[in-house]
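Asker: For reference, the structure I am asking about is given below.
The values are calculated or read from the model by the stated rules, or taken from the named source; none is laboratory data. These numbers come from a predicted model, not from an experiment. Cβ placement follows ideal geometry from the backbone for every residue including glycine, while neighbour counts extend to all protein chains displayed.
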Amino acid sequence: MNFDAIRYFATAYEQGSIHKAAESLYISPQGLSQSIKQLEESFSEALFIRTNRGLVPTSFGKQVYDYARRIVADLDDLEGFLVQHKSGVSSELSLVVCGGFNRNTYTVPSIISKFEQENPSVICTTSYVEVADDVYDQLYTEKVDIGIICYSCEREGFSYLPIKKLKVNCVLSKDNPLARKSSLTWSQVADIPLFSAHRSDPFSAEVRDNFKRYGIEPPAAIYSTDIGVLAHAIEGDHAMGMLSKTYSLAVQKLSDNIAVLPVEPPLFINVGFVLKDRQTKDSLAYEFLEFISETLISQEEMS
């Protein structure tokens, strides 16, 4: 059976027109018509009824198309595999990263680069988002294989795998009198007028709940996920930040006038991976999880 003819038939079926299908296939309408005619002759049955308005599939044509579209999809997968095989890449892994593991900390890009060096047959693609909801959306629609988030956001249909806890710090201007202390209490932090976090993430809720746990009214909040905005506000003593360690250090790198202090008693936020429940433990995603877990745990930045 001629696979090109199967692809041509499927395209004509989807386009409903010889001319449109031929244009998308970069062949002549006459060549496409001849290919479909030969296919019909091999089946000894018509696939289309030709009309002035285009192609109308026969009952037999509809049944053939159900098989043809799967054949075309398999052929596309085969072509992709052959391209990867020729280039030395046999697998792809897509990730979406959220929260304190943002692009500014350089943590994730460096780990991915190391993983690719140790696994030359794998290529990783990474996207970055600001809220956990976007991670789950991309996993649900299967746009990515794995998500990395800094907060415990367990949801039905997904597996959340915690690997490390991040300590929450207070980030404030060095001009603030509190910056002279070695650590702060939650009551001292509440005296600072503004509080920076992200409105949509569980991180903010966990921090606010922690204030209430000690009988303290949480400070008024401003919200931003842009570390440049946070650094500018904190540097000018207009706000303070309650941020995970990786994120607070990233903010501090933008200005010499920003201090990072621990808050006592300490509050820890989970770091973990998110997968769809249907993924098997022998998948490439799990291989990456084992690698990144060992790497993160060994990094002093994550302590």
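Asker: I'd like to verify a number: residues in the stretch 21-57 that are part of a helix (DSSP H, G or I) and without any contact (Cβ under 8 Å) to a residue 24 or more places away in the chain, how many?
Answerer: Total satisfying the criteria: 14.
Asker: Can I ask one more? Looking only at residues in the stretch 250-273 that are among the aliphatic types (A, V, I, L, M) and surrounded by fewer than 19 Cβ atoms within 10 Å (Cβ to Cβ), which one is modelled with the lowest pLDDT?
Answerer: By that ranking, first place goes to 254.
Table: residues versus (1) under 37 Å from the mean Cα position of the chain (by Cα); (2) of a type outside the set (Ser, Thr, Tyr).
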residue: 11; (1), (2): yes, no
residue: 15; (1), (2): yes, yes
residue: 60; (1), (2): no, yes
residue: 67; (1), (2): yes, no
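Asker: Consider residue 18 carefully, then state whether it is surrounded by 18 or more Cβ atoms within 10 Å (Cβ to Cβ) and in contact with a Gly (Cβ under 9 Å, 6 or more places away or on another chain).
Answerer: Spelling it out, residue 18 is indeed surrounded by 18 or more Cβ atoms within 10 Å (Cβ to Cβ) and in contact with a Gly (Cβ under 9 Å, 6 or more places away or on another chain).
Asker: A follow-up question, please. Could you go through the stretch 136-155 and let me know if any residue there is farther than 19 Å from residue 294 by Cα, at pLDDT below 80 and of a type in the set (S, T, N, Q).
Answerer: Checked against the condition, which is being farther than 19 Å from residue 294 by Cα, at pLDDT below 80 and of a type in the set (S, T, N, Q), the stretch 136-155 yields at least one hit.
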